[in-house]
1. Assess whether residue 122 counts as being free of Cβ contacts under 8 Å to residues at least 40 places away in the same chain and charged (D, E, K, R).
2. Give the residues of the range 487-501 that are surrounded by 24 or more Cβ atoms within 10 Å (Cβ to Cβ) and either more than 17 Å from residue 212 (Cβ to Cβ) or not β-branched (Val, Ile, Thr) (or both), sorted by residue number.
3. May I ask you to list the residues in the range 175-216 that are open to solvent by 10 Å² or more (accessible area, probe 1.4 Å) and either without any contact (Cβ under 8 Å) to a residue 24 or more places away in the chain or of a type in the set (Ser, Thr, Tyr) (or both)?
4. Being open to solvent by less than 70 Å² (accessible area, probe 1.4 Å) and assigned to a helix (DSSP H, G or I) is the requirement here; does residue 368 meet it?
5. Considering only residues that are of a type in the set (Gly, Ala, Ser) and open to solvent by less than 20 Å² (accessible area, probe 1.4 Å), look in the range 107-157 and name the one that is farthest from residue 187 (Cα to Cα).
6. Which condition number in (1) surrounded by 18 or more Cβ atoms within 10 Å (Cβ to Cβ); (2) out of contact with any Cys (no Cβ under 6 Å at 6 or more places or on another chain); (3) touching a residue at least 40 places away in the same chain (Cβ under 8 Å) is the one that residue 483 fails?
7. If we scan the range 139-158, do we find a residue that is assigned to a loop (DSSP other than H, G, I, E, B), at positive phi, out of contact with any strand residue (DSSP E or B) (no Cβ under 9 Å at 6 or more places or on another chain) and not acidic (Asp, Glu)?
8. Among helices (runs of 4 or more DSSP H) lying entirely in the range 393-458, which contain 3 or more residues that are farther than 18 Å from residue 113 by Cα and open to solvent by 70 Å² or more (accessible area, probe 1.4 Å)?
Amino acid sequence: MIDINSSSSSSSSINNNNNNNNNNNNSNVFEINSNIKPYFTCIVFVISLIFICSSKNIVTKHLPIGRAGSSIIGATLMVYFGIIQPKEIGSVINWDTIILLMSMMMLSNYMEQANIWGMASKILLWKCKSTSIFMIRVCLISSIMSSILTNDTVCVTLTPIVISACKSTNLTFFPFLMAIATSANIGSSALPVGNPQNMIIATAGGLNFFNFFKVSIVSSILGVCLNTILLLLYFKKDLKNLNSNFNQLIETVNPTTIAGIDNNDDDNDDGANNQKEMENINKEKEVVIKEEEEEEEEHNNHENDDDDDDLNENKKNNTSGHAILLVASSMDSIDLSDCSIINKDKKKKENFIETYFNSKEKSIETIVNLIKLIFKFRVAIILTLVLVGFFIGMHMGFTVLFGVSILMICERKDITDIINSVDWELLLFFSGLFVLVEGFDRQFAKEAWTILEPFVPIDSTHLNVLKIFIFSILILVLCNILGNVPLVLSLSPRLLEALAPDFTWILLAFVSTVAGNLTLVGSVANLIVAEKSKAYHEIGFLEYLKFGVPSTILVILIGVPIVVLIGK
């Protein structure tokens with residue numbers, strides 16, 4: 001006999017063993033000693049940060065794997081050696097930030113297709129009378145566009161436009177390159193979508209878009225104004241020496257040429273499409289008019305047939321010639337009166353049909369023109385609706401993605417170009433960085449937070465000016481050592497645990513963003529400008545530092561008190 005109890009117990013033991021094996025396989029790949037973990041984590045984190053934060057130098061020269069490669073390798077080591085379990089990856093990565101970054105890149109591509117940079121080029125050069133005005137416009141365009149499209153995107157697109165304008169007008173490149181980079185960083189602090197660290201702070205801290213906006217917009221505007229004044233003063237001699245020939249040369253520059261955009265094909269396509277639409281409308285109207293005329297003709301034929309039948313019957317029934325004459329004469333008189341009535345009715349019908357079709361034609365043209373107008377400005381309308389969604393508290397990432405989805409439907413084109421416009425390397429970099437920072441945070445969170453916590457302004461009821469000042473200086477320095485994004489990722493869990501008020505989050509966002517202006521390597525936007533312009537002017541570290549230090553310190557000294565006063 002078979003022992004059922006023994007067989008069931010053996011099968012359950014087998015299942016338990018399988019479950020344990022599965023759990024072991026899913027929990028980690030390779031387990032290292034718990035005493036070694038902190039040292040291993042520290043080494044991986046520091047080496048990864050050196051590669052991430054280093055520009056082209058001795059360290060990266062022999063291993064040019066880039067920021068994304070460094071981030072992915074560091075994250076893989078954290079998982080492979082059991083610092084973070086594989087099943088925890090989904091919860092470690094901040095998907096709200098990833099979705100927001102991806103959708104904003106797609107929306108930026110649609111805005112570029114809508115010739116937004118062609119319009120920016122026209123604004124840049126329109127009735128520009130001096131180099132100082134040109135400098136001011138560069139600062140304004142860079143800062144305003146960065147608050148919506150992210151600072152990195154603006155630097156990628158605006159730098160070639162300004163370089164082309166400088167070449168055409170014989171201007172020195174460096175002052176205007178500094179204007180692009182520094183204004184983009186400061187301007188991006190105005191909105192949660194202005195730069196990656198703002199996105200992380202807004203999503204991790206659960207900040208309301210409107211509250212973030214009302215606190216940051218004032219400090220951002222004043223920061224941009226102050227930075228612009230400093231640029232004009234710092235480069236006063238350079239701008240003054242270039243003013244003599246600027247007025248003559250600027251008139252010869254074509255805005256669409258410096259933007260690298262050819263609108264002729266688009267205009268021709270629009271004209272051809274408009275002509276086809278009008279031809280289709282005219283054909284439809286002709287068909288309707290013909291159908292109405294045919295119906296009217298058939299109606300008249302039926303009436304004439306009925307009159308002829310009545311006359312024949314009358315002729316058969318009346319045998320007297322005199323009677324026939326009387327009837328005929330009476331019929332003639334009736335026919336004349338009936339004809340006049342019929343003609344009047346016919347004219348009324350013709351007038352009615354004419355007015356009807358004229359009004360219908362006008363209404364059709366009005367609707368068509370309205371649809372054309374909406375379609376022409378579809379990107380601007382979607383962008384406005386997205387911003388409205390932000391202000392009323394909708395999920396930022398999926399609000400942008402919803403707007404992008406509508407544009408995809410309107411375009412009715414293959415989205416390969418849109419997908420290619422997404423910086424997947426940047427998304428991989430952030431995904432790996434989330435894991436890398438989380439691994440470091442688990443091993444050293446308590447020690448690092450113990451040192452930093454006394455200087456973090458958490459109590460919104462009793463503000464300590466000295467604490468806020470020290471916190472701002474620490475963030476400024478650490479951002480230029482560790483990088484603003486890694487630092488923000490490290491601090492976010494601790495601020496959540498400490499139940500930090502909104503103004504602390506917004507203060508962290510403002511200072512970490514403006515801190516990017518301190519050094520050339522302090523912000524990715526700075527490196528993008530340097531990389532895009534290296535064929536015309538190679539920006540030196542010390543050359544940048546001479547302006548970056550005073551500008552950053554003054555902007556923080558003015559902006560921080562405003563953030564605290566409005567946000568507390």
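1. no
2. 489, 491 - these are the residues of the range 487-501 that are surrounded by 24 or more Cβ atoms within 10 Å (Cβ to Cβ) and either more than 17 Å from residue 212 (Cβ to Cβ) or not β-branched (Val, Ile, Thr) (or both).
3. 203, 206
4. yes
5. 118
6. (2)
7. yes
8. Of the helices (runs of 4 or more DSSP H) lying wholly inside the range 393-458, those with at least 3 residues that are farther than 18 Å from residue 113 by Cα and open to solvent by 70 Å² or more (accessible area, probe 1.4 Å) span 424-452.
The values are calculated or read from the model by the stated rules, or taken from the named source; none is laboratory data. This is a predicted model, so every value here is computed, not measured. Note that we place each Cβ from the backbone using ideal geometry, even for glycine, and neighbour counts take in every protein chain shown. Heads up: the accessible areas ignore ligands, DNA and RNA and are worked out on the full protein's heavy atoms, side chains in. Shrake-Rupley method; radii C 1.70, N 1.55, O 1.52, S 1.80 Å.
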